[in-house]
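Nothing in this text is a laboratory measurement; each read-out follows from the coordinates by a stated rule. Please read these numbers as outputs of a predicted model, since none were measured by experiment. Note that each Cβ is placed from the backbone with ideal geometry, even for glycine, and that neighbours are counted across all protein chains shown.
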Amino acid sequence: MNLTRRTTLLGLGALGLTACGGGSVTSVANATGGSLPADLRPVPNAGYDSWVNSFRSRAAGQGISTEVLNAGFRGAGYLPGVVKRDRNQTEFTRTLEDYLAIAASDERVAKGRAAFARHRNTLAAVEARYGVDAEIVAAIWGLESFYGERRGSVPVISSTSTLAFDGRRGVFFEKQLIAALKILQRGDTSASMLKGSWAGAMGHTQFIPTSYQAFAVDFTGDGRRDIWSEDPSDSLASTAAYLSRNGWSRGVKWGGEIGNGAPQGRTIQPQPGGPRFAVTGNFNAIKRYNNSDSYAVGVGHLADRIAGGGPIRASFPPDKFGLTKDDRIRLQERLTARGFDTGGSDGVIGPNSRKAVAAYQSSIGAAATGDPSQELLRSLG
């Protein structure tokens, strides 16, 4: 497989997470369950209906039965919010420090240790079969869906057909739609359960339909490769199978921070002036899941934390505004205390924090740039 599982689908770069205090950061999934936003519910669209009618013959030509087509598209429709989200993806970069503040937050580590304890036997069995460290599998689970809490609730037939009709990446999403219908035809799940993110990533570890077809496994032995149920067993095993078939070497660590128990390997420094890491070939296997150094370090470091390891030891340099992480946390705490809610105090200056900074700047008669600074921090006392 020449393309990574998620960056091909989403083009989201390094972060498939939701920031605590910094606001939404390319979140891959809505919270499981609950009502969908209005723009992620079907609306009438004659062009879409015409496209679906023409697609039916193409799907039939690829072996999709009329019965499955009817079941798959029953209740499906055009989702304007999917197109909006696809077109509004912005290019941005986050420092590794910010990424790890989210990826290995105290909450994510604590939930990861609890989830690992609950599913220890399954994870051990998965590791025994596929050779992928149980903690690595658990860490990917944590980054992709917050240990199953954010698997997504958008109907996959609607989302992939909307994006195929829209045409910006029509060929790609028509392949995803065909693969999703083949999932139904095989009987792995029902149309009502076939849900995921707005762009079609599904289950506990967010497989797109074509990657599901290529790598998903029936670990429980019930005849279905069920990544959508509350039981994460098939999802966890499918993730391990993916890594195993993409170069993972049994018994080899991903890497680690230099000076903090890192194995021998090539050296990387994802953030200038920040920690350096020695990484092995298994680091590259993680990047097959999401082609980003920050993502792979995030998975590896979260796995180490789940296993009982400590935080990164080396310090990070001040950010482009001259603020350290401690400075940014104090800024968020002081803004919130003044009534300018940043949504949390994690040291990540995301949309919520910038909005709070701008509101405070306006309140004191300054230009509402949303940019933090040492001067602004001092003005807050």
Cα extents of region 118-169 per principal axis, largest first, Å, are 43, 22, 16
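Using 1/(1 + (r/R0)^6) with R0 = 35 angstrom and r between the beta carbons of R58 and N121, what's the FRET efficiency to the nearest 0.05? Spell out each step's value before the answer.
Working: r = 44 Å, r/R0 = 1.27.
In this case the efficiency is close to 0.20.
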Quick one: which of K84/K325; K195/K320; K84/K175; K111/K253; K175/K355 span more than 28 angstrom between C-alpha atoms?
K84/K325; K195/K320; K175/K355
May I ask you to list the GluC sites (Glu not before Pro) in region 172-267 that are in a DSSP loop and have at most 14 other Cβ atoms within 10 Å of their Cβ?
E230
Area projected by the alpha carbon convex hull of the chain, averaged over all directions, nm²
19.9 nm²
Charged-residue dipole, Cβ positions (Lys, Arg, Asp, Glu), the chain about Cα centre, Debye nearest 20:
460 debye
Let me check against my output: what whole-number percent is the relative contact order of region 153-237, with C-alpha pairs under 8 Å and at least 6 apart?
28 percent
Taking the Cα-to-Cβ direction at R168 and at D49 and moving 7 Å from each Cα, how far apart do the two end points lie in nm?
2.6 nm
What angle do you read, to the nearest 10 degrees and between 0 and 90, between the alpha-carbon axis of helix 106-118 and the longest principal axis of the chain?
50 degrees
Tell me, in nm to one decimal, what length is gained between A307 and D39 on full extension, where the rule is 0.36 nm per residue of separation less the Cα-Cα distance?
92.4 nm
Over region 325-379, what per residue volume does the convex hull of the Cα atoms give, in whole Å³?
64 Å³
Taking only Cα atoms, what is the 0 to 90° angle, nearest 10, from helix 170-186's long axis to the longest principal axis of the chain?
60 degrees
Around I268: net Lys/Arg minus Asp/Glu count, Cβ-Cβ under 9 Å
+1
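Taking the Cβ of each residue in V299, V279 as the centre, tally the other Cβ atoms inside 10 Å and list the residues starting with the fewest.
V279, V299
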Rounding to the nearest 10 and keeping the result within 0 to 90°, find how far the Cα-based axis of helix 233-245 lies from the longest principal axis of the chain.
80 degrees
